[in-house]
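Peer 1: Sharing a structure with you now.
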Amino acid sequence: MGEDGQAAKPVSGRRGDLSLSTAIEESEMVADGILLRVKGLTKKFPGVVALDGVDIEARAGEIHGICGENGAGKSTLIKMLTGAHTPDSGTIEFDGVTYTALDPRRAMAIGIGCIYQELNLIPHLSVAENIFLGREIYLSDSLNILDRAQMNAKAAELLADIDLNVSPRARLGTLGVGHQQMIEICRAIWSNAKLIIMDEPTSSLSEKEAHDLFRVMARMKERGVAILFISHRLDEIRANCDTVTVMRDGRTIESFAMKERSVDNIIQLMVGRNIQNKYPKERAAHGDVVLSVRNLNRKGVLHDINFELRAGEVLGFAGLVGAGRTETARAITGADPFDSGTIEVFGKEVKIRQPLDSINAGIAFLTENRKEQGLILIQSVAFNATIVKMHKYGKAGWLSLKGIRETARKICAEMRLKTSGMDMLVGKLSGGNQQKVVIAKWLLSNAKIFIFDEPTRGIDVGAKVEVYKLINQLVAGGAGVIIICSEMEEVMGMADRILVMHEGEITGEMTQEEATQERIMYAASGFKQAS
Ligand SMILES: Nc1ncnc2c1ncn2[C@@H]1O[C@H](COP(=O)(O)OP(=O)(O)OP(=O)(O)O)[C@@H](O)[C@H]1O
Ligand SMILES: [Mg+2]
């Protein structure tokens, strides 16, 4: 392998004395040059060309956004840079040295750090232990004894440096996702990373957490660190990136300075067509109440939740991350127990003790975390898309696999699912395409009540529009739909009526016409609406 012939620059064994100032000096050396130059990178998987001659350059001290539809090849490119995958051909030039492939150890040693979406930290270890994982500070080189005092002190310094008010001794598992990501950033700073890669880092963060992340990114950038930032939220790209590269079908389409282009322009490059209406809302006639939730309580989590959902209605749940929206959905669908309250479906009380009870009552729940709850990754697209339906047909003693597959294929095509075929394993699809399979699965289920928790998380702009159209179809067919959205624009664009939650309580209710960002924020911050 060519990589063996080209040794990476040696990294000195300065355990413990690698201070922040060293990181600054070193990165200043490359401050005005190009730090990363990828040329002609190609990677094929069976049936898919994931990367097809990708070229991309990143400079020290810039935030470089990467945009592209689901399956465009963004994560695959990142995996070549972190050494998780080996390219078939092409080169990666980093800090003046050319490589034909990297492995994880070498990538880290030469200064490429990555903040993965599925965090790579260990929950039961302390914050400091996680920051220094694999690069611990020892009391002396000969003795294999950790210098905990120094590690804690150094960690405190790193945390203070990014204004993170967390104790180095705190157990990592007690922190929220946002703070855990910050700990990953501390790790990258400690390892002296010159390039920090972030693959959809904000998809599970609250707005405040995302804001904190952008502040830290700006600080890293000032120090001369280059950041590759992948996101489907184009407003974030516009607000934080200096340069943007658009990828499509495994190729880089164009790189440009963000200030020279508009978001619409990026969308056009990404999907190869114009999207006129980002929220193609169509109102359906509202009918009878299909779901009624009364005085739902769960100690310390939910407080007296009351609401009704009508046939043909899209009811939006807004609020900050942690406000209790997912918890409400989980209680209604039997995923979590509740202490008191009643749930009526079509005017009849139903006892829901486990998820199967709610499925049998006709409630479909699309969970926010597809990996944990939604999909069987080692099964095929067809299997996953049809699993709910098969259950139904199986009970009736009749299984028309062919018919089900045909419908599944149709829905997947509508959402532009990128796969080498219906037999492809779901685990090998790109993140956003996995989400589309979850949606297809529930759309096939014949349910009359749908609860979508963050339905478009990780989905590209073009596919979002298709998901909204499918929601239109559901309500036009008489279903009632609940959408839980963190993006204010989305809930305002698609819901007929909005409920706002704060700390386990409903603090506001408004129609689509009445809704404004201010009004939602007001209720989301815990101020109750004057009635
Ligand atoms: N291990 C694998 N085996 C087979 N195909 C794969 C594998 N990893 C990725 N692919 C395919 O390569 C293509 C690019 O996927 P990638 O994950 O890079 O997309 P992405 O741009 O990150 O998309 P998303 O926005 O949905 O995360 C997809 O068609 C995907 O199915
Ligand atoms: Mg991806």
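Peer 1: Which distance in Å, rounded to a whole number, links the C-alpha centroids of region 107-151 and region 405-453?
Peer 2: Their Cα centres are 39 Å away from one another.
Peer 1: To continue, here is another question. What percent of all Cα-Cα pairs in region 210-369 falls in each 10 Å bin, counting up from 0?
Peer 2: Pairs per bin, as whole percents: 8, 26, 21, 20, 20, 5, 0.
Peer 1: Can you tell me the 0 to 90 degree angle between the C-alpha axis of helix 461-476 and the longest principal axis of the chain, rounded to 10?
Peer 2: In the chain, helix 461-476 runs at an angle near 10 degrees to the longest axis.
Peer 1: By how many nm would the segment from Tyr279 to Arg238 lengthen if fully extended, with 0.36 nm per residue of separation less the alpha-carbon distance?
Peer 2: Gain on extension, Tyr279 to Arg238, equals 12.8 nm.
Peer 1: Next up: Between Glu406 and Arg251, with labels modelled 7 Å along Cα→Cβ, what's the label distance in nm to one decimal, could you check?
Peer 2: It is 3.6 nm.
Peer 1: Determine the dipole magnitude for the chain: charges of +1 sit on the beta-carbon of Lys and Arg, -1 on that of Asp and Glu, nothing else is charged, the reference point is the Cα centre, and the result goes in debye to the nearest 20.
Peer 2: Dipole magnitude for the chain comes out near 1620 debye.
Peer 1: Quote the relative contact order of region 118-210 in percent (integer), defining contacts as alpha-carbon pairs under 8 Å separated by 6+ residues.
Peer 2: Worked out over region 118-210, it gives 34 percent.
Peer 1: A further question follows. With no solvent and one equal point scatterer per Cα, compute the Debye intensity ratio I(q)/I(0) for region 299-346 at 0.16, 0.19, 0.31 Å⁻¹ and report its log10, rounded to two decimals.
Peer 2: At q = 0.16, 0.19, 0.31 Å⁻¹ the computed log10 ratios are -0.49, -0.70, -1.45.
Peer 1: Same structure again: Charges on Cβ only, +1 for Lys and Arg, -1 for Asp and Glu, centred on the Cα centroid of the chain; of Val465, Tyr99, Leu172, which one is farthest towards the dipole's positive end?
Peer 2: The residue sitting most towards the positive pole is Val465.
Peer 1: Which of Val438, Asn277, Leu125 sits closest to the plus end of the dipole of the chain, meaning its Cα is farthest towards the positive end, when Lys and Arg get +1 and Asp and Glu get -1 on the C-beta?
Peer 2: Val438
Peer 1: Same structure again: Can you give the alpha-carbon Rg of region 45-110 over 2.2 N^0.38 Å, where N counts its residues?
Peer 2: Working it through for region 45-110, the quotient is 1.14.
Peer 1: Right, another one. Using the beta-carbon distance between Ser420 and Thr86 and R0 = 30 Å, what value does 1/(1 + (r/R0)^6) give for FRET efficiency, to the nearest 0.05?
Peer 2: That pair, Ser420 with Thr86, gives E of 0.90.
Peer 1: Let me ask something else. Assuming R0 = 41 Å, what is the FRET efficiency of Asp288 and Ser525, from their Cβ-Cβ distance, to the nearest 0.05?
Peer 2: The computed FRET efficiency comes out at 0.75.
Peer 1: As a test, work out the antiparallel percent of DSSP beta bridges whose residues both lie in the chain, rounded to the nearest 5.
Peer 2: Around 55 percent antiparallel, to the nearest 5.
Peer 1: Counting only protein heavy atoms and using a 1.4 Å probe, what share of the accessible area of the chain belongs to carbon plus sulfur, as a whole percent?
Peer 2: Percent of accessible area from carbon and sulfur atoms in the chain: 50.
Peer 1: Suppose each label sits 7 Å from its Cα in the direction of the beta carbon; what would the His124-Glu93 distance come out to in nanometres?
Peer 2: Going by the 7 Å Cα→Cβ label model, 4.8 nm.
Peer 1: Sticking with this one: Run through every distinct alpha carbon pair of the chain and return the Kirkwood hydrodynamic radius in angstroms, one decimal place.
Peer 2: 24.9 Å
Peer 1: Between His303 and Glu349, what is the FRET efficiency for a Förster distance of 22 Å, r being their Cβ-Cβ separation, to the nearest 0.05?
Peer 2: That gives a FRET efficiency of 0.55.
Peer 1: On a 29 Å Cα-Cα criterion, which of the cross-link pairs Lys79/Lys281; Lys208/Lys448; Lys154/Lys194; Lys281/Lys436 come out too long?
Peer 2: From Lys79/Lys281; Lys208/Lys448; Lys154/Lys194; Lys281/Lys436, over 29 Å: Lys79/Lys281; Lys208/Lys448.
Peer 1: Same structure, new question: Dipole of the chain (Lys/Arg Cβ +1, Asp/Glu Cβ -1, origin at the Cα centre): which of Ser358, Thr252, Asn240 lies farthest to the positive side?
Peer 2: Ser358
Peer 1: Modelling each spin label as a point 7 Å along the Cα-to-Cβ direction, I'd like the Val177/Asp357 distance in nm, to one decimal.
Peer 2: In this crude spin-label approximation the distance works out to 2.8 nm.
The values are calculated or read from the model by the stated rules, or taken from the named source; none is laboratory data. Given the structure is predicted, the values throughout are model-derived calculations rather than measurements. All Cβ positions, even for glycine, are placed from backbone atoms using ideal geometry, and neighbour counts span all protein chains on display. The accessibility values were calculated without ligands, DNA or RNA, using every heavy atom of the protein model including side chains. Shrake-Rupley method; radii C 1.70, N 1.55, O 1.52, S 1.80 Å.
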